[in-house]
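Beneath this line is the structure, given in structure tokens, with notes to follow.
Every number in this text was worked out from the coordinates using simple rules, so none of it is lab data. Here the structure is a predicted model, which means the values were calculated and not measured. Positions of Cβ are generated from backbone atoms using ideal geometry, with glycine treated the same way; all protein chains shown enter the neighbour counts.
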Amino acid sequence: MSLQSDLTIDASKFDRKLVDQQTEEFNEKLIKIWADGPRWYEVGAEEYRKLRWEGKTPLPKPVVLPEGVNGTIPSREAGREIPYRVFKPAGGVSRGIHLHIHGGGWVLQSEHYQDTYLKYMADHYELTVFSVGYRLAPEHPWPAGGEDCYDAAEWLVKNGPDVFGGELMFTGGESAGGHLACLVAFHLLSSTPSFAFRGLLLHFGCYDLSGFLPHVEHHEKHLVIDHDVMAAYINALLPNTTIEQRRDPSISPFFKDIRGLKLPPALFTCGSEDPLLDDTVFMGAKWQMWGNEAVVKIYNGAPHGFIGNPVGTIKSVEEGLLDSVAFVKAKMGA
């Protein structure tokens, strides 16, 4: 009898020959679109944010929904406020709070750029979705953005029930937001040990900000992000730092010693055509190695950022959304 591996991977989730035609065509269009558009570091972060808001970049103009409510909470710095945007379930009943942290490479976007997605989560999770407007690089390098996320999480633990009628249950985000949400979970383990998340929603996050995990180097398709884009993001976030400094666990959670820690259950999602694929697979495996629950879902052929596209664009969008809903419902005991 042959030996059985202690780790099991479904290789079909990564096999390019099995990618459906709709996804292949979508990716080819994305490659052409991104090739024609300016890269943010060519025009500057501030100018690119303006172009993005006006719909003059490869991504469509953000949709603004009237259901979104803006507000601010105090930061750790006297006299400064942290902005947020909130969506409540359309049904009127909220069972708790989800702290959402947006993506954009720690440089782009804000809490205002994903109303449709925020509303979907609020309605389907039956949670109040609180999206924090953390400070962005390069104007505000590390740890400014991270501290805003930590402040928001601690504020929601203390004030969520009175202000929003429910307790903080989940945090999560996409790309840079997945990275920050992971760090928020680690931060609360030490700052607020009496608190425990019901779960984390970590979508295609970056968990090693030092020199990148191998797939960032190996991924040859210039599909949404690539090595050059990632390097520009990291240099904006962490200027004048060495690889060794970037490996500090407060920056790169992949280097966190999690032995003996009771971590929240986590859903890790990623497309197989994402340069950050290794980050999701390796971090999900590390989570499980030390007795913590991790659900790792890989969507064959899906590019970076896939879950933010309209339902029907490719099948992975709806699959990813439904998997997230299933995870949240399970952790709430629905």
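Starting at the first residue of segment 289-297, write each ³J(HN,Hα) from the Karplus equation 6.51 cos²θ - 1.76 cosθ + 1.60 with θ = phi - 60°, in whole Hz, x for Gly and Pro.
So the J values, rounded to whole Hz, are 4, 10, x, 9, 7, 9, 10, 10, 10.
What share of the DSSP beta bridges in the chain is antiparallel, in percent to the nearest 5?
Among the beta bridges of the chain, antiparallel pairing accounts for roughly 30 percent.
Could you give the longest part of the chain that holds none of the GluC sites (Glu not before Pro) found in DSSP loops with at most 12 neighbouring Cβ atoms within 10 Å?
221-334
Enumerate the calculated ³J(HN,Hα) couplings along segment 208-221 in order (Karplus 6.51 cos²θ - 1.76 cosθ + 1.60, θ = phi - 60°), each rounded to whole Hz, writing x wherever the residue is Gly or Pro.
For segment 208-221, the Karplus-derived couplings read 10, 9, 7, x, 6, 6, x, 5, 4, 6, 7, 6, 8, 8 Hz, x marking Gly and Pro.
Hey, how many Å between the Cα centroid of segment 2-52 and the Cα centroid of segment 234-308?
Cα centroid to Cα centroid, the span is 17 Å.
Please compute the net charge surrounding residue 63, taking Lys and Arg as +1 and Asp and Glu as -1 over other residues with Cβ under 10 Å from its Cβ.
Result for the local shell: +1.
Which residues' amide hydrogens lie under 5 Å from the amide hydrogen of residue 199, considering only partners 5 or more residues apart or on another chain, with H built in the peptide plane?
171
Any idea what the relative contact order of the chain is, in percent, if you count C-alpha pairs under 8 Å spaced at least 6 apart?
Relative contact order here is 17 percent.
Starting from the amide H of residue 225, placed 1.01 Å from N in the peptide plane, find each other amide H under 5 Å away whose residue is 5 or more places distant or on another chain.
Long-range HN contacts for residue 225: 304.
Order the peptides 97-110, 190-203 from the highest to the lowest mean number of other Cβ atoms within 10 Å of their residues.
97-110, 190-203
Could you tell me the relative contact order of segment 106-193? Use alpha-carbon pairs under 8 Å, at least six residues apart, and round to a whole percent.
23
Report, by chain and number, residues whose modeled amide H sits under 5 Å from the one on residue 301, excluding near sequence neighbours (fewer than 5 apart, same chain).
272, 273
Where does the chain land at 222 nm, in deg cm²/dmol rounded to the nearest 500, when only DSSP H runs of n ≥ 4 count, each adding -39500 (n - 2.57), divided by all residues?
-12000 deg cm²/dmol
Is the shape of the chain best called rounded, prolate or oblate, per the rule: a/c under 1.5 gives rounded, else a/b larger than b/c gives prolate, else oblate, with a ≥ b ≥ c the square roots of the Cα gyration tensor eigenvalues?
rounded
Going by a ≥ b ≥ c, the root eigenvalues of the Cα gyration tensor, does segment 3-52 fall in the rounded group (a/c under 1.5), the prolate group (a/b larger than b/c) or the oblate group?
Oblate.
Please compute the contact order of segment 205-334 in relative form: average sequence separation of alpha-carbon pairs under 8 Å and at least six residues apart, divided by the residue count, as a percent.
Value for segment 205-334: 26 percent.
Read phi for every residue in segment 42-56 and hand back ³J(HN,Hα) as whole Hz from Karplus 6.51 cos²θ - 1.76 cosθ + 1.60, θ = phi - 60°, with x for Gly and Pro.
7, 10, x, 4, 4, 5, 5, 4, 5, 4, 5, 5, 8, x, 9
Decide, for segment 32-77, between rounded, prolate and oblate: order the square roots of the alpha carbon gyration tensor eigenvalues as a ≥ b ≥ c, take rounded if a/c falls under 1.5, and otherwise choose prolate if a/b is larger than b/c, else oblate.
Here segment 32-77 falls in the oblate category.
Can you say what percent of the DSSP beta bridges in segment 1-142, counting only those with both residues inside, are antiparallel? Round to 5.
Roughly 65 percent of the beta bridges in segment 1-142 run antiparallel, per DSSP.
Once you list every other residue whose beta carbon is under 12 Å from the beta carbon of residue 175, what net charge do they have if Lys and Arg are +1 and Asp and Glu are -1?
-3
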